[in-house]
Amino acid sequence: MKTRVFSAILLLIIFIPILFLGGISFAILMAILAVASLNELLKIRRKKRKIPMCIELYSYILVAFFTMNNYSSSDAFYMLDYRLMAFLILINLAPLVFVGNKDKYDFTDALFLIGATLFIGLTFNLLVLIRGYNISYVIYIFLITTMTDTFAMLTGKYVGKVKLAPVISPNKTVEGLIGGTLMGTFVATMYYISVIDVYSIGGIVIITLLLSLLGQLGDLVFSFIKREFGKKDFSNIIPGHGGILDRLDSIIFVTLGFLIFLTIL
């Protein structure tokens, strides 16, 4: 537990100043996290299927480009650069011919790289764009996930009895789901109406509650991915926490959901 707390404090010391700096500093940090996240996905997949290193290399470069795309914009809506999209598709499909060996690289590998690069790159780019649009929204997103995860763990540990998804994540409980959702919704809602806007209190409560649930769904989805590949964590890069995706799984889903609700807020 001490290692887990120390790591969390260290991450906050690094993250918070860069968050407030914003701009190119925040975009670079997100690009680094995006590359590390893609590496974690490819790493667990190597257990069943390896992809040629040169193909992996340009996937890392592309995910960084996607993450930093239009980073100086103050508009929270993603503007897809179709040149990047076209290049991503072509550069992953072309090796099918040049490699010419389905045991080394096949159509499934190409689709996996295209999907993983888009998923990771666009999600982290959304965080960059949301930060440029309004830093308070990024804090709101992190409050939802942090409070939900923390109180879900505490509630599950002390009063949890009914398993939520025993096959996917044995430690999660229904009581933890309820406790995490209630506290995550309460704290993030109070922050929103105090710092961002009053809007409609009932509307904010509903949206925040849905985002809290969505974050927990993201946690389960990534847990399912790990179980599929027989892994407990995506990596051990963060002592006591696991990998980048182990810490950001909820944030990824909440960020995607937040973009949907942003037109309402």
| message | For segment 146-160: of the residues being modelled with pLDDT under 90 and surrounded by 21 or more Cβ atoms within 10 Å (Cβ to Cβ), which is nearest to Phe222 (Cα to Cα)? | response | Gly156
| said: I'd like to know if segment 68-89 contains one or more residues that are more than 22 Å from the chain's Cα centre (by Cα), buried (at least 18 other Cβ atoms within 10 Å of the Cβ) and without any contact (Cβ under 8 Å) to a residue 60 or more places away in the chain. | reply: no
| Is at least one residue of segment 22-41 at pLDDT below 90, surrounded by 12 or more Cβ atoms within 10 Å (Cβ to Cβ) and hydrophobic (A, V, I, L, M, F, W, C)? | no
| Quick check: anything in segment 161-172 outside any helix (DSSP H, G or I), modelled with pLDDT under 90 and of a type in the set (Ser, Thr, Tyr)? | yes
| Do any helices (runs of 4 or more DSSP H) entirely within segment 49-130 hold 3 or more residues that are within 26 Å of Ile251 (Cα to Cα), and if so, which? | 53-68, 82-93
| query | Does at least one position in segment 238-252 carry a residue that is open to solvent by 50 Å² or more (accessible area, probe 1.4 Å) and aliphatic (A, V, I, L, M)? | reply | no
| request: Scan (1) open to solvent by 60 Å² or more (accessible area, probe 1.4 Å); (2) closer than 28 Å to Gly230 by Cα; (3) of a type in the set (Phe, Trp, Tyr) for the single condition Tyr60 breaks and write down its number. | output: (1)
| request: Considering only residues that are open to solvent by 60 Å² or more (accessible area, probe 1.4 Å) and without any contact (Cβ under 8 Å) to a residue 24 or more places away in the chain, look in segment 109-145 and name the one that is nearest to Leu262 (Cα to Cα). | output: Phe119
| said: Regarding segment 188-207, can at least one residue be identified that is within 14 Å of Ile144 (Cα to Cα), open to solvent by less than 30 Å² (accessible area, probe 1.4 Å) and among the small types (Gly, Ala, Ser)? | reply: yes
| task | Among the residues of segment 212-257, write down those that are touching a Lys or Arg at 6+ places or on another chain (Cβ under 9 Å) and aromatic (Phe, Trp, Tyr). | result | Phe229, Phe234
| Within segment 173-225, considering residues that are farther than 25 Å from Tyr158 by Cα and outside any helix (DSSP H, G or I), the one nearest to the chain's Cα centre (by Cα) | Asp197
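The values are calculated or read from the model by the stated rules, or taken from the named source; none is laboratory data. Bear in mind the structure is a predicted one, so any value in this text is a computation, not a measurement. Cβ atoms come from the backbone with ideal geometry, glycine included; neighbour counts cover every protein chain shown. Surface accessibility is based on the protein's heavy atoms, side chains included, excluding ligands, DNA and RNA. Shrake-Rupley method; radii C 1.70, N 1.55, O 1.52, S 1.80 Å.
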